[in-house]
Amino acid sequence: MVRAAAAKLGELPDKRPVPKTVEATPLVLVRDGERVYCAYGICPHGRWLLSLGDYKEGKLRCKGHGSVYDLATGAGELNGYPLQIKAYKAEVVGDSVYVEV
Ligand code: FES
């Protein structure tokens with residue numbers, strides 16, 4: 001596991017998913033107030049970028065076909081079927097966001 005700088009806080013508009021690649025891993029970052037979520041950035045259902053999705057209250061809805069992921073755990077579902085993405089630890093230090101990938 002590697003801890004690496006992923007973004008500056010100023011790059012993350014509140015409640016808007018942003019794509020980042022860290023250590024060759026595609027990620028989606030979402031800032032919600034003081035908290036930053038980080039998860040794997042590609043939907044396992046049909047490979048859409050999750051950064052294209054819609055964020056609301058800790059959950060991200062994939063633009064592809066509507067699966068919904070809890071960004072704290074990575075647990076998701078589509079029409080009642082479970083899906084999973086990896087959720088990564090994100091930490092804000094000063095104006096930088098560090099993630100463990
Ligand atoms: S690609 Fe994400 S729900 Fe189908």
Among the residues of region 44-59, is there at least one that is of a type in the set (Ser, Thr, Tyr) and in contact with a Pro (Cβ under 7 Å, 6 or more places away or on another chain)? yes
Could you run through region 31-51 and say how many residues are closer than 14 Å to Val97 by Cβ and either exposed (fewer than 15 other Cβ atoms within 10 Å of the Cβ) or more than 16 Å from the ligand (Cβ to nearest atom) (or both)? 8
Matching residues in region 55-94 - criterion: being within 13 Å of the ligand (Cβ to nearest atom) and under 21 Å from Leu9 (Cβ atoms): Leu60
Residue selected from region 58-78 under the condition touching a residue at least 24 places away in the same chain (Cβ under 8 Å) and not in a strand (DSSP E or B), by the criterion surrounded by the fewest Cβ atoms within 10 Å (Cβ to Cβ): Ala72
Residue within region 80-90 that is at negative phi, assigned to a loop (DSSP other than H, G, I, E, B), in contact with a Phe, Trp or Tyr (Cβ under 7 Å, 6 or more places away or on another chain) and surrounded by 16 or more Cβ atoms within 10 Å (Cβ to Cβ) present: yes
Is it fair to say Ala4 is under 13 Å from Val101 (Cβ atoms) and more than 16 Å from the ligand (Cβ to nearest atom)? yes
For Pro19, all conditions in the list (1) in a strand (DSSP E or B); (2) in contact with a Cys (Cβ under 9 Å, 6 or more places away or on another chain) hold save one; what is the number of the exception? (2)
Only one of Ala6, Ala24, Ala39 is of a type in the set (Gly, Ala, Ser) and under 21 Å from Val68 (Cα atoms). Can you tell me which? Ala39
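Every read-out reported here was derived from the displayed coordinates using simple, explicitly stated rules and does not represent laboratory data. Being a predicted model, the structure only gives us computed values, none of them experimental. Here Cβ is always computed from backbone atoms with ideal geometry, including for glycine, and neighbour counts include all displayed protein chains.
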